[in-house]
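I have placed the structure first, in the form of structure tokens, so that the comments after it can refer back to it.
Just so it is clear, none of the values below were taken in a lab; they were calculated from the coordinates. The structure displayed is predicted, hence computed values, not measured ones. Positions of Cβ are generated from backbone atoms using ideal geometry, with glycine treated the same way; all protein chains shown enter the neighbour counts.
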Amino acid sequence: MTANINYDELIPNNINLSSDRRLQRALESWHPKYINWWKSRGPDIYQDKEIYLRTAISVDKKGWAHFDHVKMPDYRWGIFLAESTADDKKINFGDHIGEPVWNEVPGEHRGALRRLIVTQGDTEPASVEQQRLLAMTAPSLVDMRNLFQVNVEEGRHLWAMVYLLMAYFGRDGREEAEELLLRSSGDSDKPRILGAFNEKTPDWLSFYMFTFFTDRDGKYQLASLAESAFDPLARSCQFMLTEEAHHMYVGETGVARVIQRACELMKTHDTDDIRQHGGIDLPLIQKYIHFHFTVSEDLFGAEKSTNAANYFTAGLKGRYLESRIQDGHKLVDDAYSVIKRNNGGFSNEEVPALDAINERLRDDYIVDCQRGVDRWNKIIADNGINFTLKLPHRAFHRAIGDFAGLPVSPEGKIISQEEYDARLSNWLPTDKDNEFVASLMMQVTEPGKFANWIAPPRVGINNQPTDFEYVKL
Ligand code: BYC
Ligand code: FE
Ligand code: FE
């Protein structure tokens, strides 16, 4: 394993793949199936166009990226693990704390690890499928390029999980690798595993919200898996996290630019009703936040989870930044405060910390989301406009866990089902809202030009100007 990536082979890697003929053959036989999947269920158009993409050339913290125009099917998907931090790396939580990390899968944890890796792997191609049609309505070339960059990297994240399955799970692993290409986002027979990955991403506001909120679940899940005692999983996830940062950046700046444009239109036309001027109004942005935040919250699982407790105790999946937490890292006698339903309202309750692993990660996630929302609100305030975007109460619009199906307002009030149903169209995008957003989605392909509903980005990609030819059409 080296920092530099070998590009001389069909599958670029830093794992010395050519020395393991069996694994190399397994991956090489999966490769054409992957390309097939990419061509039939990846980006719908522009597969033959040159896109200004970033490719990993090293797993070093600095200078790992190389930028060039490439056609997407020629993108070098490969297998990159972060370098080992120490020769004598130790497990840092759970029952096995202090023991050396594993380079093989212990028999007793095989099923659980496989399940975690498959669940993680399943989300990656799912998101590519969800975003398949977006290029057709890209608001600019730089946005189209960002979409494709996210797509090829999610494809690579699938490779990362498929590598683990094939290298460490034998025949079962090879079967799971096939299944990852057979399940399909939104399919009624063979859907993707987790709820959010079967939703539609029909327009660019949804895309930015998805990359802000749902890719951020990716950040927190990957960070937890990066703590794993199973070291190949930990190091795969560490490198994936470096790519994840860009996806969330695309989401945060995308929403920020929609907000900026909304504010400009409000000021120019001296009205809140900017739909007539082709802008996306702030209340509609709020509705999109409600939707994408809540389906992403569900991705953390139930508030109390014995699955999560077992993963932690076994050392398979840790907490966010586990080694920075000041405690014994075993949690056997610890408590954690969890929000519960209580007489028509909510209150906090101490529960065994081991059972609350999912909830704790969701807490970390919500804090991170709020920081982004604060930065969006600063744009509104800087424009002199009196409006505040908010994250809804965590019991609002949930489908997983204690609050699933509970009629709760975004402010956190439990209301009657009738009132909830009557008011839902004020809180979540309606068909009419979606149609309106869809009506704005018109492709803009002239370099340096942007659709009317979104402000240009402040900076281009890799220090290129915003009118650079990011996609050669
Ligand atoms: N939808 O005990 P619980 C990313 C099921 S995103 C459907 O709480 P657990 C990316 C659950 O399976 C990161 N079902 O579950 C982002 C369980 O079923 P069983 C993805 C759900 O296992 C953007 C039952 O409910 N990575 O990378 O503790 C673009 C009880 O739940 C859902 C991972 O998720 C749901 N939302 O927690 C591209 C990491 N939630 O056992 C990529 C790996 C729960 O009763 N996965 N269920 O049949 C995990 O760590 C865990 O599977 C979960 C669930 C945290 C997801
Ligand atoms: Fe990913
Ligand atoms: Fe991502």
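Magnitude of the charge dipole for segment 260-361, about its Cα centre and with charges confined to Cβ atoms of Lys, Arg (+1) and Asp, Glu (-1), is about 220 debye.
Among the DSSP helices (H) of the chain, those spanning at least 24 angstrom by Cα along their long axis with an average Kyte-Doolittle hydropathy of 0.0 or more are 141-168; this is a geometric and hydropathy rule only. Rounded, prolate or oblate: which one fits segment 23-82, using the alpha carbon gyration tensor with axes a ≥ b ≥ c (rounded when a/c is under 1.5, else prolate when a/b beats b/c, else oblate)? Oblate shape, in that a/c is at least 1.5 and b/c is the bigger or equal ratio. Can you tell which of T268, V258, C237 lies farthest toward the positive end of the dipole of segment 26-472, using +1 and -1 charges on the Cβ of basic and acidic side chains (Lys, Arg; Asp, Glu)? Positive-most Cα among the choices belongs to T268. The average projected area of segment 94-199, computed from the convex hull of its Cα atoms over all directions, is 8.8 nm².
Here segment 176-203 and segment 110-139 have alpha carbon centers that stand 7 Å from each other. In summary, the lysines within cross-link reach of K39, defined as a Cα separation below 26 angstrom excluding same-chain residues under 8 places away, comprise K49, K71, K190, K200, K472. With the simple spin-label model, which puts each label point 7 Å out from Cα in the Cβ direction, the E264 to S84 separation comes to 5.3 nm. Relative to the current alpha-carbon distance between T430 and T242, full extension at 0.36 nm per residue lengthens the span by 64.1 nm. Just so you know, the Cα atoms of segment 26-472 work out to an Rg and Dmax of 22.2, 67 Å. Compute the separation of the alpha-carbon centres of segment 77-95 and segment 1-54 and state it in Å as a whole number. Cα centroid of segment 77-95 versus Cα centroid of segment 1-54: 23 Å apart.
Shown for V152, V258, V444: other C-beta atoms within 10 Å of each C-beta, ranked fewest to most, produce the order V444, V152, V258.
Per-residue ellipticity at 222 nm from helix content only, as computed over the chain with -39500 (n - 2.57) for each DSSP H run of at least four residues, stands at -15000 deg cm²/dmol. Magnitude of the charge dipole for segment 317-451, about its Cα centre and with charges confined to Cβ atoms of Lys, Arg (+1) and Asp, Glu (-1), is about 280 debye.
Does a label point 7 Å from the Cα of R110, set along Cα-to-beta-carbon, have any residues of segment 161-193 with amide nitrogen under 15 Å, and which are they? Only 165-176 pass the distance filter.
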